[in-house]
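The structure appears below as structure tokens.
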Amino acid sequence: MKQLFNIAIAVAIASAISFAQAQSYPQRAVRIVVASTPGSSPDVVARLLAQKLSERLGQQVVVENRAGVGGNLGAEAVVRAAADGYTLLLAMSSHAIGMTLYRNLNYDLARDLAPVAAIASTPSLLVTHPQLPAKSVSALIALIRALPNELLLGSGGTGTPPHLCAEMFRAAAKLQFTHVPYKGITPALSDVAAGQLHFAFSSLPAVMSLVRSQRLRALGVTTLARSKLAPEVPAIAETLPGFEALGWYGIAAPTGTPPAVIERVHAAVQASIAQTDLIDALRNQGAELMNATTVQFGVFVVSEIKKWGEVVRAVDLKVE
């Protein structure tokens, strides 16, 4: 009985400490580590959010860019930081991919980083050269099957989200095509538009200007249903049921961060992304809001690690 009483006292003390930390948090600047370069879509999203969070939290929220190794340098920096809520990570789909793609990671996304808040998801488009004789997803599938390994897929590099999205497409439709990796998605899209390649997958911001100018034809979007960002484009899932491949952004903190602090940041993020001007700004980045509790976001991250892990293993990809 005495042991149970002592445990109850310890729990009560821990709860009181956590509450006190949340009440006083933050007392200094908070930083969001972004594992990409300044001016990139993740950087823009983080800076838009940081401005709103500064207003909500009453302290400056700054963005720190730590690009490299598929986003892993930034994630490792946050894992090594104190678990006090003052160092946060802009978690991304590339971090989930990296769990299987990279051989020698010094952290585990699900174990070493605690989910805080989902922000937004970013669909991709399947695009082709306008003169390719395939004006729908089903027609493209039929064309690839008729010409095994002859059609050329361009990507931003081996193991990048556009490449793995294409590999998911390959597996779902049982296709044979030739992958041509580039150093970045922009030159790959340029060569699809020039007719040097046949098709590609790309996030919306990188490709929509080429689609609107009719230099590329959009055949399908990678959301389960049609996206509000491109409602005229059919979902690939209309042809391949269940097909979904999303980029996404969220906030994570080092494991061990007090629950009350996580709740405070979660509430601030939710309030920020509900504002009309931020919603519009995110849509300009090809992103739609994700509505999720902290627990739901954590479950989602684990499911993403599993899903992309299956794709990476299926094509036997490994990066040192």
Options I262, I251: the member that is in contact with a Pro (Cβ under 9 Å, 6 or more places away or on another chain), under 28 Å from V207 (Cα atoms), of a type in the set (A, V, I, L, M) and at pLDDT 95 or above | I251
For the stretch 150-172, what are the residues that are part of a strand (DSSP E or B) and hydroxyl-bearing (S, T, Y)?
-> S155
All conditions in (1) modelled with pLDDT of 95 or more; (2) surrounded by fewer than 18 Cβ atoms within 10 Å (Cβ to Cβ); (3) under 16 Å from V137 (Cβ atoms) are true of V221 except (2)
Matching option when the condition is buried (at least 19 other Cβ atoms within 10 Å of the Cβ), aliphatic (A, V, I, L, M), within 17 Å of the chain's Cα centre (by Cα) and in the same structural domain as L48 (by TED's automatic domain parsing), among A287, A268 | A287
Only one of T239, T178, T222, T158 is hydroxyl-bearing (S, T, Y) and within 20 Å of A35 (Cβ to Cβ); which?
-> T158
Would you call A260 within 13 Å of V116 (Cβ to Cβ) and among the aliphatic types (A, V, I, L, M)?
-> yes
Restricting the search to the stretch 103-131, which residues are within 29 Å of V30 (Cα to Cα) and assigned to a strand (DSSP E or B)?
-> L113, A114, P115, V116, A117, A118, I119, A120, S121, T122
Do you know which residues across the stretch 236-292 are of a type outside the set (S, T, Y) and in a strand (DSSP E or B)?
-> L246, G247, W248, G250, I251, A252, A253, P254, E288, L289
Which pairs have Cβ atoms under 9 Å, sit 6 or more apart or on different chains, and link a residue in the stretch 85-101 that is more than 28 Å from L57 (Cα to Cα) and assigned by TED's automatic domain parsing to the domain that holds V34 to one that is in a strand (DSSP E or B) and among the aromatic types (F, W, Y)?
-> A96/W248
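The values are calculated or read from the model by the stated rules, or taken from the named source; none is laboratory data. Just so you know, these numbers come straight off a predicted model, no measurement behind them. FYI the Cβ positions are ideal-geometry reconstructions off the backbone, even for glycines, and counts take in every protein chain you see.
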